[in-house]
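Worksheet: the structure to be examined is printed underneath.
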Amino acid sequence: MRMAANDDAADIQAIADRGFSSLAGACYLLLRIQNPALAKPWLRSFDIASLAQARTQRLPQVCQIAFTAAGLRALGTEVTPGAGFDPQFIDGIAGDERRSHQLGDEGANAPAHWHWGVGEQEPHILLVLLAANTAINSLAKDTCSAAVAAGCAVISANTPTTTTTPLGREPFGFADGVSQPDYDWGGTLTPGGARDRDYRNLLAMGELLLGYPNEYGFIGDYPTADELGRNGSYLVYRQLAQDVAGFWQWLARQAGDGAIALAERMVGRELDGAPLPGLQSATITGTNDPRNAFLFADDADGLVCPIGAHIRRVNPRSVDDPHGRHGFLRNLISALGFSGTAMHDAVASARFHRLSRRGRPYGPVIVPQAAMQGTGAGQETGLHFLCLNTNIARQFEFVQGAWVASAKFAGLAAEQDPLLGNRLPLAGAQPTDAFSYTDSGACPRTISGLPQFVTVRGGAYFFMPGLRGLAQLLADG
Ligand code: HEM
């Protein structure tokens, strides 16, 4: 099959392939449709940037659009699994208590406390507006006024931090956006072969866009009527408040001069994004960035990068068979399940659970040393976490639920993601607030009593259509 040909590139929303870091201003506008007859023609008037445009032009501003299930219904679209929509998308991120529990959205993270995302604050539309930092405020203001005139209520106009330097630091101070999957735009990949015993960063297109073969080698469900879903994707948006002062003050109390080194172990990278020193470099298909040329297989016990570090949880860089490539007999023994452990299975095959992140930070920039002195306390900073995937259960929800929020990830006990955990005890009062690592003197250590550093403020699952699909959704009648 020919993949992402030119007419597909003209159909795909540009953000599927890039974050537009040269456009430093952004506004994530969350709208609720009150009068569809007014809203539809207004939405049709937007010039939604395509990938083909982004590949050939330097765009001074970019607008992208996505809809929740409630938003599609407000536009008159049938949103059912029978119509090919993802069941998780239909339920919504806060759709039921079981999902909230699985995602760690309990306690202070519970949807009942969110600023947006549920009840009357559930958005129908996400408009992503990107422009130069000098232009974004008036663009956002004009778009809000026009939205109201077009029968939409503004739920929230979320404004990421506008910077004069290239984007790329999250509020705790770490380089962000370092590791992203690459996609097989040329359609050359055959997933599932012996070569998948090596970790690769190149993924089948169907992990990013609907209507293409995925990492299982087949095309997953999508709305196929008139190809409504083709070249679309699902966008997960979570607003995550970060207690920057609390994070660095806690680290300073725990580790004194070693605060930064401990934070780097919790993240699994150095502040500037470099891999932790001691990880062996490796050649990886699908990336030329030396900051991504490493595996965890060479650090099986987590002596360099702790097993529970953020980047090791969200992408364990694991392969289909934890024993890697061997001769026929050993491969067979392993494939039949006569070797390996449950711990290996729990984190196997990272290729089925990758996410393309497109978020941006918000709030004032506070450097770690100032945060250790208490600067920033009381001011809200955080991350507008946006990611794209085609199967919400297998990608976002698996990463968030089974890897980030799980207190039993990879054979660990009593610890969640050291940045993101809600620290709530499990049933039976088993704690989840520990972090174990090996210190610079090769001594194993476990800290307990980690506070909650990140709190969910809002969230929603969106369908981001291709431009032909968008025209269908916005057609009259
Ligand atoms: C406030 C919240 C968060 C902070 C501060 C944070 C911070 C970071 C940092 C510093 C990195 C390393 C640099 C990079 O590769 O970009 C990273 C990587 C990553 N994060 Fe997060 N993150 C947050 C939330 C999340 C969430 C909610 C998810 C998914 C559920 C996630 C998934 C990832 C992934 C997939 C990577 C790339 C890992 C790799 O391929 O090596 N992050 N994050």
**OP:** Tabulate in residue order the Karplus-calculated ³J(HN,Hα) for the stretch 412-421, using 6.51 cos²θ - 1.76 cosθ + 1.60 with θ = phi - 60°, rounded to whole Hz; enter x for Gly and Pro.
**Re:** 6, 9, 6, 9, 10, 3, x, 8, 9, x
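Once you order the gyration tensor axes a ≥ b ≥ c over the Cα atoms, which shape class does the stretch 1-69 get: rounded for a/c under 1.5, otherwise prolate or oblate by comparing a/b with b/c? Intermediate results must be reported in sequence, preceding the final value.
On the way: a/c = 2.18, a/b = 1.43, b/c = 1.52.
Cα axes put the stretch 1-69 in the oblate bin.
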Subject >> All Cα pairs of the stretch 105-193, percent lying beyond 15 Å >> reply: 76 percent
Subject >> Amide H contacts of Asp433 (H built 1.01 Å from N, under 5 Å, at least 5 apart or other chain) >> reply: Gly449
Original post:
In deg cm²/dmol, rounded to 500, what helix-only [θ] at 222 nm does the chain give when every DSSP H run of at least 4 residues adds -39500 (n - 2.57) and the total is split over its residues?
Top reply: -5500 deg cm²/dmol
Subject >> Positive-end extreme of charge dipole, the chain - chosen from Ala460, Ala157, Thr134 (charges on Cβ) >> reply: Thr134
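Report D for the stretch 88-135 in µm² per second (integer): Stokes-Einstein, Kirkwood Rh on Cα pairs, 37 °C, 0.692 mPa s.
Numbers: Rh = 12.6 Å.
Translational diffusion coefficient: 260 µm²/s.
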Original post:
Rounded to a whole number of µm²/s, how large is the Stokes-Einstein D of the stretch 35-136 at 4 °C and 1.567 mPa s, given Rh as the Kirkwood radius over C-alpha pairs?
Top reply: 80 µm²/s
**OP:** Collect residues whose amide H, placed 1.01 Å from N in the peptide plane, falls under 5 Å from the amide H of Thr68; neighbours closer than 5 in sequence don't count.
**Re:** Ile125, Leu126, Phe463
**OP:** Please say if the stretch 157-227 is rounded, prolate or oblate, where rounded means a/c under 1.5 for a ≥ b ≥ c the square roots of the C-alpha gyration tensor eigenvalues, and otherwise the choice is prolate for a/b larger than b/c and oblate otherwise?
**Re:** oblate
Subject >> Amide hydrogen neighbours beyond the local backbone of Tyr183, cut-off 5 Å, H modeled >> reply: Leu203
Original post:
Ranked from highest to lowest mean number of other Cβ atoms within 10 Å per residue, what is the order of the peptides 395-405, 91-101?
Top reply: 395-405, 91-101
Original post:
Whole-Å semi-axes of the stretch 186-230's equivalent ellipsoid, largest first, each the root of 5 times a Cα gyration tensor eigenvalue?
Top reply: 24, 9, 8
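Expressed as a whole percentage, what fraction of the accessible surface of the chain belongs to carbon and sulfur atoms when a 1.4 Å probe is rolled over the protein heavy atoms? Before the final figure, lay out the partial values.
Numbers: 10450 of 19800 Å².
Solvent-exposed carbon and sulfur of the chain make up 53 percent of the total.
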Original post:
Using +1 on the beta carbon of Lys and Arg, -1 on that of Asp and Glu, and nothing else charged, what's the dipole of the chain about the Cα centre, debye to 20?
Top reply: 420 debye
Original post:
Residues of the chain: accessible area per residue at 1.4 Å, in Å²?
Top reply: 42 Å²
Subject >> Label-point gap, in nm, between Asp226 and Asn137 - each point 7 angstrom along Cα→Cβ >> reply: 4.2 nm
Subject >> Solvent-accessible surface (1.4 angstrom probe) belonging to Val367, in square angstrom, nearest 10 >> reply: 80 Å²
Original post:
For the stretch 68-106 and the stretch 351-365, what is the separation of their C-alpha centers, rounded to whole Å?
Top reply: 21 Å
Original post:
How would you classify the stretch 186-334 from its alpha-carbon gyration tensor, with a ≥ b ≥ c the square roots of the eigenvalues: rounded for a/c under 1.5, else prolate if a/b is greater than b/c, otherwise oblate?
Top reply: oblate
**OP:** Find the centroid of the Cα atoms in the stretch 273-324 and in the stretch 155-223, then give the distance between the two in whole Å.
**Re:** 17 Å
**OP:** Heads up, I need the accessible area for Glu106: 1.4 angstrom probe, whole protein in place, Å², nearest 10.
**Re:** 60 Å²
Original post:
the stretch 368-382 to the stretch 390-459: how many Å between their Cα centroids?
Top reply: 23 Å
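For the chain, what is the percent of antiparallel DSSP beta bridges, rounded to the nearest 5?
Details: 55 of 59 bridges.
Looking only at bridges with both residues in the chain, the antiparallel portion is about 95 percent.
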Subject >> At 1.002 mPa s and 20 °C, Stokes D of the chain from Kirkwood alpha-carbon radius, µm² per second >> reply: 92 µm²/s
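Kirkwood Rh, Cα Rg: Rg to Rh for the stretch 399-456?
Working: Rg = 11.5 Å, Rh = 11.8 Å.
Result: Rg/Rh = 0.98.
The values are calculated or read from the model by the stated rules, or taken from the named source; none is laboratory data. Here the structure is a predicted model, which means the values were calculated and not measured. Backbone-built Cβ (ideal geometry, glycine too); neighbour counts: all protein chains shown. Accessible surface areas use protein heavy atoms only, side chains included; no ligands, DNA or RNA. Shrake-Rupley method; radii C 1.70, N 1.55, O 1.52, S 1.80 Å.
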